[in-house]
Amino acid sequence: MRKQYAVIGLGRFGSSICKELYQLGHDVLAIDINKERVINIEKYATYAVNADGTDEDALKSLGIRNFEKVIVTIGANIQPSILCTLILKELGVKEVWVKAHDQKHVRILESIGADRIIQPEYEMGIRIAHQLDSSRVIEYVELSKDHSIVELEATKKNDNKSLKQLDIRAKYGCTILAIKRGEEVVVSPSPDEKISEGDLLVAIGHKVDLVRFQEKGM
Ligand code: ATP
Ligand code: ATP
Ligand code: CA
């Protein structure tokens, strides 16, 4: 389904979001105050516009309120980022996601109704730490303070055994959401699904349980 997105601020982070959404087949409006940045994104956006994200009239005339989601990726400059977010919420944009620079920025964005606040370096740091700490952790997504989703590579110990035989949920309190095997993805596997060494197991659970599973079950 084709959706309408807008990206305001075309640094490396905003540009990569814009390109990816456009490649997924969506309509993307890309906005930056810097002309050169706008020219550079033209090939990768449906509309590329040179405008100031804090200019309410400009945003109105672009019909910004009709976009399903708007992401504000005006970098380290926190004042325009906040002002832009405030205007978008006042104009009635349902989902406004914002890249935050630091904790102070996060708190202000929370108080003015940003729907999701992203701290790429901080979040990526946590993910990379988990990947560094265990060579078996391929992917890591934090769901809350206590819960996460990890992608783990099955070992010899798991080879040719079903989920039931391994008794993962009962023993470790973790649930396997999906099994990735080359190009194939088995979503919501049945208890009788057999695992092969090298399969990627997408597991959800309490962080403590997931570590236990990584260390004892894999
Ligand atoms: P990166 O993703 O590369 O790390 P960054 O978050 O460190 O980027 P910048 O490189 O400054 O920050 O990228 C922010 C972008 O936002 C720049 O392209 C800048 O021109 C743009 N920008 C800054 N102020 C505004 C504004 N008021 N309206 C629209 N765009 C703006
Ligand atoms: P449960 O109450 O734990 O769901 P169950 O008695 O309903 O178990 P099954 O669903 O047949 O029985 O599964 C048997 C056991 O196999 C589960 O207790 C669990 O340890 C393991 N298992 C089955 N499916 C999964 C899964 N997707 N992820 C992790 N473990 C699983
Ligand atoms: Ca940066």
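The values are calculated or read from the model by the stated rules, or taken from the named source; none is laboratory data. Quantities reported herein were computed from a predicted structural model and do not represent experimental measurements. A quick note on method: Cβ atoms are made from the backbone with ideal geometry, for glycine too, and the neighbour counts reach across all protein chains shown. When the accessible area is computed, the model is the full protein with side chains, heavy atoms only, and any ligands, DNA or RNA have been set aside. Shrake-Rupley method; radii C 1.70, N 1.55, O 1.52, S 1.80 Å.
Numerical summary
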quantity	calculated
Selected residue (criterion: farthest from ligand 1 (Cβ to nearest atom)) from residues of segment 1-39 that are in a helix (DSSP H, G or I) and of a type in the set (Ser, Thr, Tyr)	Tyr22
Output for segment 40-66, where each listed residue is away from ligand 1 (no atom under 15 Å from the Cβ), within 25 Å of the chain's Cα centre (by Cα) and either farther than 22 Å from Phe13 by Cα or part of a loop (DSSP other than H, G, I, E, B) (or both)	Thr46, Arg65, Asn66
Top-ranked residue in segment 119-138 [being touching a residue at least 40 places away in the same chain (Cβ under 8 Å) and either part of a helix (DSSP H, G or I) or not polar (S, T, N, Q) (or both); ranked as least open to solvent (accessible area, probe 1.4 Å)]	Val137
Sole residue being open to solvent by less than 20 Å² (accessible area, probe 1.4 Å), among the hydroxyl-bearing types (Ser, Thr, Tyr) and modelled with pLDDT of 95 or more, chosen from Thr46, Thr73	Thr73
Residues of segment 49-70 satisfying the condition of being touching a Pro at 6+ places or on another chain (Cβ under 8 Å) and open to solvent by less than 30 Å² (accessible area, probe 1.4 Å)	Gly53
Yes/no for Lys89 being under 29 Å from Met124 (Cα atoms), basic (Lys, Arg), in contact (Cβ under 8 Å) with a residue 60 or more places away in the chain and in contact with a Gly (Cβ under 8 Å, 6 or more places away or on another chain)	no
Any hit, segment 81-102, residues being under 18 Å from the mean Cα position of the chain (by Cα) and either aromatic (Phe, Trp, Tyr) or farther than 24 Å from Gln119 by Cα (or both)	yes
The one condition in (1) open to solvent by less than 20 Å² (accessible area, probe 1.4 Å); (2) farther than 26 Å from Glu142 by Cβ that Gly14 fails to fulfil	(2)
Restricting segment 169-218 to residues that are touching an Asp or Glu at 6+ places or on another chain (Cβ under 7 Å) and part of a helix (DSSP H, G or I), the residue that is least open to solvent (accessible area, probe 1.4 Å)	Tyr172
